[in-house]
Amino acid sequence: MMERTHKDHAQLSDVFNEDEPRVNWHDETLWWVRQKRDRAAHGIPEFELLRETASQIKNNVLSNLSDYLVQFEANALANGIIVHWAANAAEHNRIVHSILEKHDVKRIVKSKSMLTEECHLNEYLGGQGISVVDSDLGELIVQLAKEPPSHIVLPCIHKKKEEIGEIFHRHLGTEKGMSDPQVLTETARQHLRETFLTRRIALTGVNFAIAETGEFVVCTNEGNADMGAHLSDVHIASMGIEKLIPKRKHLGVFLRLLTRSATGQPVTTYSSHFKTPRKGQEMHIILVDNGRSAQLGRKEFRNSLKCIRCGACMNTCPVYRRSGGHSYHNAIAGPIGAILAPNLDMKEYADLPFASTLCGSCSNVCPVKIDIHDQLYKWRQVIVQEGYAATVKSVSMKAMAFTLSSPALYRFAGKSGRLFLKYAPFAVSNQMNPWYKQREMPEPPAESFGEWYKKNRN
Amino acid sequence: MSREKILAAVAANQPASQPLPPDPGMNFPAGDLVEKFAAVVTAIGARVVGIGSVAEIPARIAELFQGGRIVSFIPELAEIAENDISPATDPHTLENVDVTILQPHFAVAENGACWITEDLMGHRVLPFITQHLAMVVTAEQIVPTMHQAYDRIAEGAYGFAAFIAGPSKTADIEQSLVLGAHGPRSMTIFLVGL
Ligand code: SF4
């Protein structure tokens, strides 16, 4: 079997960990976001009821997805929206390109869409001679830096303002040494206003699509999706097929949860409901599968499709916070990325389910109650059983330590979850955590992978 | 065709149907709606300006803003504002609008959001492209949570609509909050009867 050429999570996080003050800063910044989430969640007593309701709505969606897709399509068509279906990333990218070709457009503006990251749309369009400008400030910064986003909600959370100042100095002509966020944001505003005003085609993501009405909702704080969409002749919205919700009233549940979980805000600045194209405008929706229907068929892992991409599991994850988003070498990092990626390519992402302490903090904050840490644990079994762990030459002592020590940690978290959660940030810096240069051989788990896998296979 | 392929794969792989849960209800502790709304609006970076009646707005606009191109469809503001913006307007011509004053359908106490449909915007891009945005809200228009909000929305039809909560903002640079990302730099709520 061929070996992977790029570095795995453990090696990439070693690189990230070379600069210890930066790791501490990254860790603290994300923990601060996590604390804002807690304050927002505790601010409404019905928060747990909302999580349970959202989880059940998503269960209903996944179990009736084919009907909801057909219903959504019919309503969207009746609303005057053109609907496309893409089986995979390549087809999605070709559809986008064909729309651009039809309108003879070579430059587009895009608002945040993790799906287009997943599909590597920018690289594809770049190869076709199309220029794409990412308009979310964080995404613009990483785009100028020629890097992928390191977080699904906070794309440049790994960058210091001085580095951003340097990027702006080189690309947007700000004064050298200028790193004031106010000045840099104003510069981006002026620069992108020009872009919004001159692009005829805008691409946006989709946060929620409603089967009952055929409309879709896009949430931003910056207003960039709206600036792009309302100034363009053609609006293309790309969405994964799991983004559907049955009824409009369900938005009440999801919008109450989304930003409280993400950043601790009560709601995003803009929750825009697109139902029909504006007069004279063309509106497209691309429904993308790209492995989702397969994940739906994996009983143990289908819950990952409930994700609303709030990022809470990343902000709370002691491993994400101390290894950085890029160490996951996947468009979606963190705990959720680690359970989505192996579905797409088990060999390529064999290392990711091992990048966790299985402390369960992710599952505790997830607004749709995905059993994230259970799924990480199960992926490990599958990966080992399928023989992929062995082909990953660099599953180092560190990763093995993770695996073997995890059931104990897992049980500990289960029994005394509250206590563990409270002290989890400290656990990161003591010898209990394999991230901290621990090299002893851990005790083997009571149940072997093989036993577990046999029991759970069917 | 990918459509058939995807639908067949989804139908084959989806689990047995699970029912929708009951709605979470609406009877959550709300407190004083006006007070809550005003507090949240302030917390999200907007400002609340209490007024006795809409007739006071032109004077307050003169105090609060530096003039420039002002747009509003409120009849009492006809003297100071343009009102001939429509869906037929070329959106690019709105690039230099400084202040826009709109009347949403209602506002939400728990998050400070105002619900506005496209028929109240003149043009879809206006609430986003304007440098400063103001909304006129009366106490009776404030609902407690998003659940009541969607209950009310069910009555209306729209091609485009939005909840707008505060000014455009970003914290992408080291989590420092900056107001005025791509949309309005400021959001003013004229709270009538406060
Ligand atoms: S898995 Fe849950 S917590 Fe993580 S991004 Fe998705 S919805 Fe948010």
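The values are calculated or read from the model by the stated rules, or taken from the named source; none is laboratory data. It should be emphasised that the depicted structure is a prediction, and the values quoted were computed from it without experimental measurement. In this analysis, Cβ positions are derived from the backbone assuming ideal geometry, glycine residues included, and neighbour counts consider all displayed protein chains.
From the residues in region B:2-27 that are more than 7 Å from chain A (Cβ to nearest Cβ) and under 14 Å from residue A:70 (Cβ atoms), which one is surrounded by the fewest Cβ atoms within 10 Å (Cβ to Cβ)?
Top of the filtered list is B:4.
For region B:146-167, enumerate the residues that are in contact with a strand residue (DSSP E or B) (Cβ under 7 Å, 6 or more places away or on another chain) and either assigned to a loop (DSSP other than H, G, I, E, B) or among the hydroxyl-bearing types (Ser, Thr, Tyr) (or both).
B:156, B:158, B:166, B:167, listed by residue number.
Matching residues to (1) at positive phi; (2) crowded, with 23+ Cβ neighbours inside 10 Å; (3) within 14 Å of chain B (Cβ to nearest Cβ); (4) at pLDDT below 95:
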site: A:95; (1), (2), (3), (4): no, no, yes, no
site: A:99; (1), (2), (3), (4): no, no, no, no
site: A:127; (1), (2), (3), (4): no, no, no, no
site: A:134; (1), (2), (3), (4): no, yes, yes, yes
site: A:160; (1), (2), (3), (4): no, no, yes, yes
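Which condition from (1) in a helix (DSSP H, G or I); (2) of a type in the set (A, V, I, L, M); (3) within 12 Å of the ligand (Cβ to nearest atom) is the one that residue A:332 breaks?
The number of the failed condition is (1).
List the strands (runs of 3 or more DSSP E) that sit entirely inside region B:100-145 and contain at least 1 residues that are closer than 18 Å to residue B:81 by Cα.
Because the criterion is at least 1 residues that are closer than 18 Å to residue B:81 by Cα, the strands (runs of 3 or more DSSP E) in region B:100-145 that meet it are B:132-138.
Select, from B:12, B:46, B:39, the only residue that is in contact with a Gly (Cβ under 6 Å, 6 or more places away or on another chain) and not aromatic (Phe, Trp, Tyr).
Exactly one of B:12, B:46, B:39 is in contact with a Gly (Cβ under 6 Å, 6 or more places away or on another chain) and not aromatic (Phe, Trp, Tyr), namely B:46.
List the number of the failed condition for residue A:261; all other conditions in (1) away from the ligand (no atom under 16 Å from the Cβ); (2) farther than 17 Å from residue A:211 by Cα; (3) of a type outside the set (Val, Ile, Thr) hold.
Exception for residue A:261: condition (1).
Starting from residues that are charged (D, E, K, R) and away from every other protein chain (no Cβ under 14 Å), keep the ones in region A:355-386 and report whichever is farthest from the ligand (Cβ to nearest atom).
Per the criteria, the residue is A:386.
Given A:224, A:315, which one is away from the ligand (no atom under 16 Å from the Cβ) and touching a Leu at 6+ places or on another chain (Cβ under 9 Å)?
Answer to the check: A:224.
If I go through region A:142-157 residue by residue, how many of them are outside any helix (DSSP H, G or I) and crowded, with 21+ Cβ neighbours inside 10 Å?
9
With the structure loaded, tell me whether residue A:231 is free of Cβ contacts under 8 Å to residues at least 40 places away in the same chain and surrounded by 22 or more Cβ atoms within 10 Å (Cβ to Cβ) or whether it fails that test.
Considered against the rule, which asks whether it is free of Cβ contacts under 8 Å to residues at least 40 places away in the same chain and surrounded by 22 or more Cβ atoms within 10 Å (Cβ to Cβ), residue A:231 comes out as yes.
In region B:45-68, which residue that is among the small types (Gly, Ala, Ser) and more than 20 Å from the chain's Cα centre (by Cα) is nearest to residue B:98 (Cα to Cα)?
B:68
In the set A:218, A:206, which member is in contact with a Gly (Cβ under 7 Å, 6 or more places away or on another chain) and in contact (Cβ under 8 Å) with a residue 40 or more places away in the chain?
A:218
Could you list all residues from region A:360-386 that are closer than 15 Å to residue A:37 by Cα and small (Gly, Ala, Ser)?
A:361, A:363
Given B:146, B:121, which one is buried (at least 22 other Cβ atoms within 10 Å of the Cβ), touching a Gly at 6+ places or on another chain (Cβ under 7 Å) and without any contact (Cβ under 8 Å) to a residue 60 or more places away in the chain?
Only one candidate passes the filter, namely B:146.
Condition check ((1) in a helix (DSSP H, G or I); (2) of a type in the set (Asp, Glu); (3) crowded, with 21+ Cβ neighbours inside 10 Å) across all residues:
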residue	(1), (2), (3)
A:342	yes, no, yes
A:347	no, no, no
A:358	no, no, yes
A:378	yes, no, no
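In region B:65-89, how many are in contact (Cβ under 8 Å) with a residue 24 or more places away in the chain, of a type outside the set (Phe, Trp, Tyr) and crowded, with 16+ Cβ neighbours inside 10 Å?
Residues flagged as in contact (Cβ under 8 Å) with a residue 24 or more places away in the chain, of a type outside the set (Phe, Trp, Tyr) and crowded, with 16+ Cβ neighbours inside 10 Å within region B:65-89 amount to 7.
Can you tell me which residues in region A:250-308 are touching a residue at least 60 places away in the same chain (Cβ under 8 Å), within 8 Å of chain B (Cβ to nearest Cβ), surrounded by fewer than 24 Cβ atoms within 10 Å (Cβ to Cβ) and part of a helix (DSSP H, G or I)?
A:302, the sole residue that qualifies.
What do you reckon, is residue B:55 in contact (Cβ under 8 Å) with a residue 40 or more places away in the chain and more than 30 Å from residue A:65 (Cβ to Cβ)?
So residue B:55 fails the test.
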